[in-house]
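**Q** The structure is given below, and queries will be raised subsequently.
A short reminder: the numbers here are calculations on the coordinates, not readings from a lab. Note that this is a predicted model, so its numbers are computed, not measured. Cβ: placed from backbone, ideal geometry, glycine included. Neighbour counts: every protein chain shown.
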Ligand SMILES: [Ca+2]
Ligand SMILES: [Ca+2]
């Protein structure tokens, strides 16, 4: 099972390559972590929002108007709503979805979609109730948002403050973005009942941030920072740190404030520059934050999908979250256009493939949702006593695990548990750096628990 030669050969491969490592036998690695990719569901059409919902189900929208709930263990899918008046054309259709954060008490589901009003394309935000098997009781919260066959946004996301955030596109009219009285080209913030929070920049307006073009990705990091992806014009796709009342520059500024005209506008309007900008553009879409030890190379990274560039990116954030220190590409060309990404609480990652959106070349089985997970795992829940400052290396381990824990200055004990919870090995843990012989362990995923007089730390690791 354990193969030293195999291990050293993939370390060499890692030094020689960037991003995804694929060896001749087809094994994929993310950093040192061997991974499996599996199609969760196929034969769907332009999945737009994919999120991890209550009771361990994945919820996703299809742009044509369907809302689905799929069991990630079996792939069994249930259409729980077909929105009758969705107008799907170009980039328009059923887009973002968010679930109320206290779903058990308040089973509300928020959807944003395009519809037509005479000759005009519009967009609306609607709230539904989940009755245990279907969505019902549509209540429109915001109507007649400017729409178009392109640049409609729109992601929905609840924040740690219990407010609903919604990105809107400029709807093809660039002057919307700097027009503070238009809700197009903005980031909006609402109470769950659709009213305007009193602590918005203007208590009479949904607008939270302005100067946006077409943002189709939103995520909160654990420290409360809100990040957004943003489609640039022919240059300057962006990732932004989205803050209250800030102006993100569009259409006067693309990317950084680095042209003479942009400089003046940026100074006069206190423009918030992006954390990162890409030229040529990738067509950046859904983003999520990876905060799990199952794939250590991704921990503390934003994961971002791209449509045109047909790859996923990991964006490593600095400690304070105010900058991106490293980027890497994953799965370039493997599946085609990628629309959205969802990190499950157990460290698995789900990616929505979008080749049937009118701009792609569908492949057999498209469209799909693909699951990415650390090999030999069915997913691994983060233990309660998980500590980021405990490092096991190399990971996966072959014959000896080194454990670093700067806070462990005295004596402790360690225990190694299998995935089923049975104790496999134990011994003294004398920090801050000690070794564990792992030759007694079969290949697989384990939990290392370290106890001291007053602290417990648990981290997952893998033996190969
Ligand atoms: Ca910008
Ligand atoms: Ca610029």
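**Q** Distance between the C-alpha centers of the range 112-141 and the range 212-273? Whole Å please.
**A** Spelled out, the Cα-based centre of one part sits 29 Å from the other.
**Q** Listing 402, 66 from the residue with the fewest other Cβ atoms within 10 Å to the one with the most, what is the order?
**A** Neighbour counts put them in this order, fewest first: 402, 66.
**Q** Here's a follow-up. Counting other C-beta atoms within 10 Å, which of 290, 89 has the fewest, and how do the rest follow? Don't skip to the end; give the middle numbers.
**A** Working: 290 20, 89 15.
With the fewest neighbours first, 290, 89 line up as 89, 290.
**Q** If one takes the longest principal axis of the Cα atoms in the chain, at what angle in degrees, from 0 to 90 and to the nearest 10, does the Cα axis of helix 260-269 lie?
**A** Roughly 90 degrees, rounded to the nearest 10.
**Q** What is the angle, in °, between the Cα long axis of helix 4-16 and the longest principal axis of the Cα atoms in the chain? Nearest 10 is fine, range 0 to 90.
**A** Taking the Cα atoms of the chain, the angle to 4-16 is about 40 degrees.
**Q** Moving on to the next point. Using a basic spin-label model with each label point 7 Å from the Cα along Cα→Cβ, how many nm lie between residue 144 and residue 195?
**A** Distance between the two pseudo-spin positions: 2.2 nm.
**Q** Turning to a different aspect of this structure: Once Rh is set to the Kirkwood radius over Cα pairs, what Stokes-Einstein translational diffusion coefficient, in µm²/s, holds for the range 385-463 at a temperature of 20 °C and a viscosity of 1.002 mPa s? Display every interim value, and only then the final one.
**A** Values: Rh = 12.3 Å.
D = 175 µm²/s.
**Q** Sticking with this one: Antiparallel as a % of all DSSP beta bridges within the chain, to the nearest 5?
**A** On the way: 121 of 125 bridges.
Antiparallel bridges: around 95 percent, rounded to the nearest 5.
**Q** For each of 177, 42, count neighbouring Cβ atoms within 10 Å of the residue's Cβ, then give the residues from fewest to most.
**A** Least to most surrounded, the residues fall as 42, 177.
**Q** When the helices in the chain are scored as -39500 (n - 2.57) per DSSP H run of 4 or longer and the sum is shared across all residues, what 222 nm value do you end up with, to the nearest 500 deg cm²/dmol? Mind dumping the intermediate values first?
**A** Numbers: 2 runs with 23 residues, N = 464.
Per the formula, -1500 deg cm²/dmol.
**Q** While we're on this one: Compute the Kirkwood hydrodynamic radius of the chain, taking the inverse of the mean of 1/r over all pairs of distinct Cα atoms, and give it in Å to one decimal. It would help to have the intermediate numbers written out before the result.
**A** On the way: mean 1/r = 0.0428 Å⁻¹.
One decimal place: 23.3 Å for the Kirkwood radius.
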